[in-house]
Structure formats: structure tokens, C-alpha cells
Amino acid sequence: MKKIKDKNTEEQILNAAKNVFQSKGMNGARMQEIADKAGINKAMLHYYYRSKQLLFEAVFKHAFTLLAPQLNTILNDDSSIEEKIKNFTSNYITFIVKHPYLPNFIIQELNRNPDFILKMKENQGFPNIEKFKKQVNEEVQKGIIKPISAEQLFINIMALNIFPFVAKPLIMAFTNSNNKNYNQLMEARKTEVANFIINSIKTT
């Protein structure tokens, strides 16, 4: 008789895997450790996920599918570029504070498997910047913002939001911060980053 996968067990596995991947990375993570943290045996873990790669992708997709639709909604709503920058920054930082492993997951996997993101692009809700590009061009033509390509503006937004999380140990060392101080810095960045970008492109 075919076994039926239990949603609660699967959630336990994903949570355990998230914690192990976060602390050990993809290469350092071991299936036995994940099984132990999930409170199941290794055979059961392999029944749900045949390999560490498949488990990694499941953890990544679970987190990414929570974030991507939020960002896609912001990029494609009818708000101004200024409001988009504010909302994007606030939503992204809020999300990554709750899922701090995600940026490094992305970097690690892109370095190890550059084609991985192509599979993610096929998923519904993957961020689309076409409307954002059109809005940037329109606001440049109207003189609302300074001349800048939408692609460069989007990269600036992504870079200023992502880097402090990817380089957390470095940021903490440079600023002599503990975890509490670091979290306060990240909370402040919700407005600091948005204001910095907005002030750099506003014409008045």
C-alpha cells in the first residue's frame, strides 16, 4: 500500500532543513542531522526528499514563494516610483529579518548552480519589472525623477537592501554591533535606504 505524505511531517522537515542550511550551508548540511532535528529517521526523510538538493530547493522555494508575490505586487501596482521604493524596501527588509538564510541561499546556489534561478523564473509570481521600467521612463520624461535607466535603479534598490544581510558578520564587525544592535540597524534601513535612493533620483 502506497504511503501518504503527511503535511505536518513535511513542515517539520522543511523547518529543520531551514535551520541546518542556515547554520551549515548547502555543502555542510547533512541529511542525518536534518532528520534528527525533524524528529524522524533518515529513511523517512529520504521518502519525502530523495536528495539534499531536492530538499534544499524545497526550502528555497517555500521561502521564495512567500517573498516573490509581495515584491511582484509592489512592482506592478499603480503607486509612484517613490512609493514603490519605500514599499519594496520595507517589505524586503521585514521579510529577510524573518528569513535571514534566504540571501545567502540564493548566492550559494547561484555560484554552485547558475541555472537554478532559471527554474525559479518559471514559477508564477516571479517578480516582473516591465511595468516598473515603463513607470521609470515616464517619470523621467515628466521630470519627476532624474534620468536613470530602470535596470540601474532596480539594481541599486536590490543591492542596498540585500548586501547588509549577505555580509552580516562583516557589517557587525565594522559597526561593533551585537545581534540586537544589528537588528536595530536593519529596522532603521527601512527608511534610510528608501530615503537615500529617493533623494538621489528626485529632481526637486
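We did not get these values from a lab; they are worked out from the coordinates using the rules stated. This one's a predicted model, so the numbers in the text were calculated from it and none came from an experiment. Neighbour counts run over all protein chains shown; Cβ positions are idealised from the backbone, glycine included.
Which residues, taken from region 120-178, are small (G, A, S) and over 24 Å from K98 (Cβ atoms)?
G143, S149, A150
Can you report the number of residues in region 36-47 which are surrounded by fewer than 20 Cβ atoms within 10 Å (Cβ to Cβ) and either assigned to a helix (DSSP H, G or I) or touching a residue at least 40 places away in the same chain (Cβ under 8 Å) (or both)?
Residues flagged as surrounded by fewer than 20 Cβ atoms within 10 Å (Cβ to Cβ) and either assigned to a helix (DSSP H, G or I) or touching a residue at least 40 places away in the same chain (Cβ under 8 Å) (or both) within region 36-47 amount to 7.
Just for region 132-160: of the residues that are in a loop (DSSP other than H, G, I, E, B) and in contact (Cβ under 8 Å) with a residue 12 or more places away in the chain, which one is surrounded by the most Cβ atoms within 10 Å (Cβ to Cβ)?
Only one residue tops the list, namely I144.
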